[in-house]
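Student: I'd like to ask some things about the structure below.
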Amino acid sequence: MIPFIDLAAQFAARETAIRSRMDAVLAHGKYIMGPEVRELEQRLAAYIGSAHCVTCASGTDALMLPLMAEGVGPGDAVITTSFTFIATAEVISLLGARPVFVDIEADTWNISPRAVQECLANWNPGWGRPRAIIAVDIFGLPAAAVELRRIADEHGLLLIEDAAQSFGASLDGKRAASFGHYAATSFFPAKPLGCYGDGGAVFCAHAEQAARLDSLRVHGKGTDKYDNVRIGVNSRLDTLQAAIVLAKLDYFDEELAARQQVAQTYAAALAELGDRAILQNISVGAVSAWAQYSLLASDGSVRAAAQEILKSAGIPTAVYYPKPLHLQTAFAHLGYRAGDLPVCENVCSRIFSLPMHPYMPQGQAKAIAAKAAAALA
Ligand SMILES: *Cc1c(COP(=O)(O)O)cnc(C)c1O
């Protein structure tokens, strides 16, 4: 089997830089909130074009901390997409608020601004008070940020951008993770910018927001960690993980370009298949970070057959996501039924992803593209 994501190839290519950054941490020994954490926050904020970056222990925490900072809790509701990883909606429930799922766009697979508007127009007061919209940049493609921000502002809601998959992506020349009142990203190893464990970061525009996040991630600290002014959590990014991200950041733009190259190779071979291989529509003005390269087969059985053919050729595939969140057992108490979000359910039944990483040799990308095209033809 060829690797689905080849982190070993990345390490082999960048070993000296990564090891020397890690060695520096081992030498100074400041494992918690060491100088690399602040250095990384400054580098990331500059990269995104956001005023503030506050790192934390995971992408999930990076979604939870802004909700905590804004006091979202019992009696509140948060509108989000059902086509995402569980973390996006889990944090809403964890804080005692209610996730309200809306459908996605048929071509980008991102949350539909029209569906958000309809949801607000037909709001059920039993859901609670609407407080926020969490938009996900699915597979690395920025959501319709401008429209979503307009809707959020019109209704006095927060827009939180789940940029866990889209670090490095852009829309009309602005980076993903710069669009929401807050944005969250993840350094989980398989994400476009990964560390060697768990890690995450929140981006925001205002110093007061950043100060609250900084307090929340260290047990609600005030002037110091033994002065506690609010209920917080332990969610710091390890200094070692910050050092690893700093080392990788120097090569990140090259990696984005390499991902783009793989995506172009796939698209060239698959575009000819018409309805037998529906590709993610990259909106005008958008550049994806290509966390995943995904496509729709004609139906579930064609998908299963294609995955089997590719597997026997040594090519791994994956399904992100086989089950939409509104139909997950964990959310059964919300009362959603099959058929409630038809676009999302249809996409889940047909979608699968091909290997995608920046260290894939061009020949291998071409071979995978040809095999995938043959398997779907
Ligand atoms: C990975 C991911 C998260 C969670 O990130 P972790 O670092 O694994 O906690 C949240 N949302 C989306 C869309 C993700 O892909």
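Student: Hey, can you tell me all the residues within the stretch 197-207 that are within 15 Å of the ligand (Cβ to nearest atom) and either under 13 Å from GLY49 (Cβ atoms) or assigned to a loop (DSSP other than H, G, I, E, B) (or both)?
Tutor: Of the stretch 197-207, the ones within 15 Å of the ligand (Cβ to nearest atom) are 197-203.
Those that are within 15 Å of the ligand (Cβ to nearest atom) and either under 13 Å from GLY49 (Cβ atoms) or assigned to a loop (DSSP other than H, G, I, E, B) (or both): GLY197, ASP198, GLY199, PHE203.
Student: Another question, then. Filter the stretch 150-196 for residues that are under 21 Å from ALA242 (Cα atoms), open to solvent by less than 40 Å² (accessible area, probe 1.4 Å) and more than 10 Å from the ligand (Cβ to nearest atom) and give the result. Full working, then the answer.
Tutor: Initially, the stretch 150-196 is screened for residues under 21 Å from ALA242 (Cα atoms), giving 162-169, 175-178, 182-196.
Of the ones still in play, those that are also open to solvent by less than 40 Å² (accessible area, probe 1.4 Å) are 162-169, 176-178, 182-187, 189-190, 192-195.
PHE167, GLY168, ALA169, ALA176, ALA177, SER178, TYR182, ALA183, PRO192, LEU193, listed by residue number.
Student: Let me ask another. Looking at the stretch 144-162, I want the residues that are assigned to a helix (DSSP H, G or I) and have a partner that is away from the ligand (no atom under 16 Å from the Cβ) with Cβ atoms under 7 Å, at least 6 apart or on another chain. Which pairs are those?
Tutor: ALA145/LEU171; GLU147/PRO113; LEU148/PRO113; LEU148/VAL116; ILE151/PRO113; ILE151/VAL116; ILE151/GLN117; ALA152/LEU158
Student: Continuing with this model, one more query. Within the stretch 132-149, work out how many residues are among the β-branched types (Val, Ile, Thr) and more than 10 Å from the ligand (Cβ to nearest atom). Quick ask: steps written out before the conclusion?
Tutor: Narrowing the stretch 132-149 to residues among the β-branched types (Val, Ile, Thr): 133-134, 136, 138, 146.
Subsequent filtering for residues that are more than 10 Å from the ligand (Cβ to nearest atom) retains 133, 146.
Count: 2.
Student: Out of curiosity, is PHE203 under 18 Å from ILE32 (Cβ atoms), in the same structural domain as LEU40 (by TED's automatic domain parsing) and either of a type outside the set (A, V, I, L, M) or open to solvent by less than 10 Å² (accessible area, probe 1.4 Å) (or both)?
Tutor: Details: under 18 Å from ILE32 (Cβ atoms): no; in the same structural domain as LEU40 (by TED's automatic domain parsing): yes; either of a type outside the set (A, V, I, L, M) or open to solvent by less than 10 Å² (accessible area, probe 1.4 Å) (or both): yes.
Considered against the rule, which asks whether it is under 18 Å from ILE32 (Cβ atoms), in the same structural domain as LEU40 (by TED's automatic domain parsing) and either of a type outside the set (A, V, I, L, M) or open to solvent by less than 10 Å² (accessible area, probe 1.4 Å) (or both), PHE203 comes out as no.
Student: Let me ask something else. Given the options MET68, MET1, name the one that is at pLDDT below 95 and either surrounded by 15 or more Cβ atoms within 10 Å (Cβ to Cβ) or among the hydrophobic types (A, V, I, L, M, F, W, C) (or both).
Tutor: Values: MET68 fails: at pLDDT below 95.
The match here is MET1.
Student: Restricting attention to the stretch 82-104, which residues are within 16 Å of the ligand (Cβ to nearest atom), outside any helix (DSSP H, G or I) and open to solvent by 20 Å² or more (accessible area, probe 1.4 Å)?
Tutor: Residues satisfying the conditions are PHE85, ILE86, LEU95.
Student: I'd like to know if the stretch 222-232 contains one or more residues that are open to solvent by 30 Å² or more (accessible area, probe 1.4 Å), at pLDDT 95 or above and within 12 Å of the ligand (Cβ to nearest atom).
Tutor: no
Student: Follow-up. Of all residues in the stretch 358-377, which are touching a Leu at 6+ places or on another chain (Cβ under 8 Å) and at pLDDT 95 or above? I'd like the intermediate steps shown before the answer.
Tutor: So the first thing to find is which residues in the stretch 358-377 are touching a Leu at 6+ places or on another chain (Cβ under 8 Å), and the list is 358, 368-369, 371-373, 375-377.
Those that are touching a Leu at 6+ places or on another chain (Cβ under 8 Å) and at pLDDT 95 or above: PRO358, ILE368, ALA369, LYS371, ALA372, ALA373, ALA375, LEU376.
The values are calculated or read from the model by the stated rules, or taken from the named source; none is laboratory data. Owing to the predicted nature of the structure, the values given are computational and were not obtained by experimental measurement. Heads up, the Cβs are rebuilt from the backbone with ideal geometry, glycines too, and the neighbour counts pull from every protein chain shown. Calculation scope for accessible area: heavy atoms of the full protein, side chains included, ligands and nucleic acids excluded. Shrake-Rupley method; radii C 1.70, N 1.55, O 1.52, S 1.80 Å.
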